[in-house]
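Read the structure below first, then the notes.
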Amino acid sequence: MSSSEEPAHHDLGGAPRFMCEAVDVRPHELTDFDRDVDALRSVLSAKKVMSVDELRRGIEAIPEAEYHRLSYYERWMRSIADNMIRRGVVTEGELQAEVSRP
Amino acid sequence: MNVLEADGAALLKAITKLLSAKGVLTEAEIAQQRSAVDNAPPGQGARMVARAWTDADYRAQLLSDGSSAAEAMNIPMRGMPPLGVLENTDEVHHLVVCTLCSCYPKAILGYPPYWYKSAAYRARAVRDPRGLLAEFGTILPPQVKLRVVDSTADYRWMVLPRRPDGTQDWSIERLAAIVRPGDMVGVTIPTTE
Amino acid sequence: MRFSVGDEVSVRNDWPEKRGPAHIRTPHYVRGRKGRVVKELGAFPNPEDLAFARPADPRQLYHVTFPMRGLWPDPASNDEVLVELYEHWLEAP
């Protein structure tokens, strides 16, 4: 190995646990959720409310088990919410209240 | 419970509502952006490749400044990361991956395919690339050097595949029709079959 | 430090993510490894700061190639990996 250090869980190059896993080459349709999250990210980026680097940081901050359980755009959505709180655009309390609203 | 652990759909709804209420964005802007991506003409990258196969000046432009070559085909690149293009030859084959996330030349190729974002693809491309290619039905001759491009930073990378033999008389439209997104990532090779 | 096409370089064997919150674009498998600069890609704001919405100085970005043999304990191959790396991760070997 290149080092004795254990890589971060998103730093997947050569990761032993995936070396024997076949790649699922079948097409998968995107959902409405996927397309909306992708569009939300583009709008926030164009408005300079969140950079791609902040998006990446937020994705990497997701704990390992969750990181692998969540879908690609679910990771994005969690990172976007994380960054909106970090930047003070929304507060955690506001988001909690809105998410809990039936 | 940490609010970030809420269901993705609930977070999307809540964030969209809060950001609209605060005047950060409107739901119409999101819908407009989504529709722009969904309605982008398919095959934009394929047309760039076909033109590069038939026009030496365009090929040179594509390889030296991918973004300007995309703009020359009316693909909007403003605000997009710069596009780098790597040429496959008799001696070198390129394969693009992003081991750290899933960087992909979306402005040219559209949404990234499922496999491109998968942990197995990201892990294996830089360590077992020939085994990985075999799962896409691609077998490279051993004398061809494989250069795996880990898209780690500010560029987005696409591959200029080799023009298949026996296509000398083909029109640019017919050439563009055989170029698939995977050919421009390097997992497959254009064929005339 | 500036590098030119053809220069041999070493990637710093540094692990900032072990010291606290960090965002870095240098994959683990090239750290401490030797490669060769094949292209200068221009200057970009340092993503390690952008990721935290901090002011970010421009950093030179290079395309650096590494022989795959030597990156992994697997059977030798003549294949290569090409990685975008920022100047502050590179040093003379």
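The values are calculated or read from the model by the stated rules, or taken from the named source; none is laboratory data. Keep in mind that this is a model prediction, so the values were computed, not measured. Every residue, glycine among them, receives a Cβ derived from its backbone with ideal geometry; neighbour counts consider all protein chains shown. We work out accessible area using only protein heavy atoms, side chains counted, and drop any ligands, DNA or RNA first. Shrake-Rupley method; radii C 1.70, N 1.55, O 1.52, S 1.80 Å.
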Practice task
All but one of (1) crowded, with 21+ Cβ neighbours inside 10 Å; (2) at positive phi; (3) not hydroxyl-bearing (Ser, Thr, Tyr) hold for B:GLY137, so report the exception by its number.
Solution key: (1)
Problem - Answer from B:ARG163, B:ARG174, B:ARG122 - the residue that is away from chain A (no Cβ under 12 Å) and either in contact with a Leu (Cβ under 8 Å, 6 or more places away or on another chain) or open to solvent by less than 60 Å² (accessible area, probe 1.4 Å) (or both) - result: B:ARG163
Exercise for the section: At least 1 residues that are polar (S, T, N, Q) and facing another protein chain (nearest Cβ under 8 Å) in each: list the helices (runs of 4 or more DSSP H) lying fully within segment A:29-78 that qualify. Expected result: A:32-46
Handout entry: Residue under evaluation C:ALA53, criteria (1) of a type in the set (A, V, I, L, M, F, W, C); (2) at positive phi; (3) touching a residue at least 40 places away in the same chain (Cβ under 8 Å), criterion not met
Key = (3)
Problem - Residues located in segment B:11-51, provided they are within 12 Å of chain A (Cβ to nearest Cβ), assigned to a helix (DSSP H, G or I) and closer than 14 Å to B:GLY110 by Cα - result: B:GLN33, B:ARG34, B:SER35, B:ALA36, B:VAL37, B:ASP38
Practice task
Could you pull out the residue among B:THR138, B:THR152 that is assigned by TED's automatic domain parsing to the domain that holds B:ALA107 and at pLDDT below 95?
Solution key: B:THR152
Practice task
Kindly check whether there is at least one residue in segment B:105-117 that is within 10 Å of chain A (Cβ to nearest Cβ), more than 23 Å from B:LEU175 (Cα to Cα), open to solvent by 10 Å² or more (accessible area, probe 1.4 Å) and hydroxyl-bearing (Ser, Thr, Tyr).
Solution key: yes
Problem - Criterion: among the charged types (D, E, K, R) and part of a loop (DSSP other than H, G, I, E, B) - qualifying residue of B:ARG122, B:ARG174, B:ARG127, B:ARG147 - result: B:ARG127
Problem - Answer from A:ALA97, A:ALA81 - the residue that is modelled with pLDDT of 95 or more and more than 7 Å from every other protein chain (Cβ to nearest Cβ) - result: A:ALA97
Problem - Test for B:GLY45: is it touching a residue at least 40 places away in the same chain (Cβ under 8 Å), in contact with a Phe, Trp or Tyr (Cβ under 6 Å, 6 or more places away or on another chain) and not aliphatic (A, V, I, L, M) - result: no
Exercise for the section: Could you list, in sequence order, all residues of segment B:29-46 that are open to solvent by 30 Å² or more (accessible area, probe 1.4 Å), closer than 11 Å to A:ARG35 by Cα and modelled with pLDDT of 95 or more? Expected result: B:ALA31, B:GLN33, B:ARG34, B:SER35
Practice task
Give me a count of the residues in segment B:66-100 that are within 14 Å of chain A (Cβ to nearest Cβ) and either buried (at least 24 other Cβ atoms within 10 Å of the Cβ) or not charged (D, E, K, R) (or both).
Solution key: 12
Fill in the blank from the handout: Filter segment A:84-94 for residues that are in a loop (DSSP other than H, G, I, E, B) and at the interface with another protein chain (Cβ under 8 Å from one of its Cβ atoms); the one that is most open to solvent (accessible area, probe 1.4 Å) is A:ARG87
Exercise for the section: Pull up segment A:36-60, narrow it to residues that are basic (Lys, Arg) and more than 14 Å from the chain's Cα centre (by Cα), then point me to the one that is most open to solvent (accessible area, probe 1.4 Å). Expected result: A:LYS48
Handout entry: Qualifying residue in segment C:21-41 (condition: at pLDDT below 95, more than 20 Å from B:ASP154 (Cα to Cα) and more than 11 Å from every other protein chain (Cβ to nearest Cβ))
Key = no
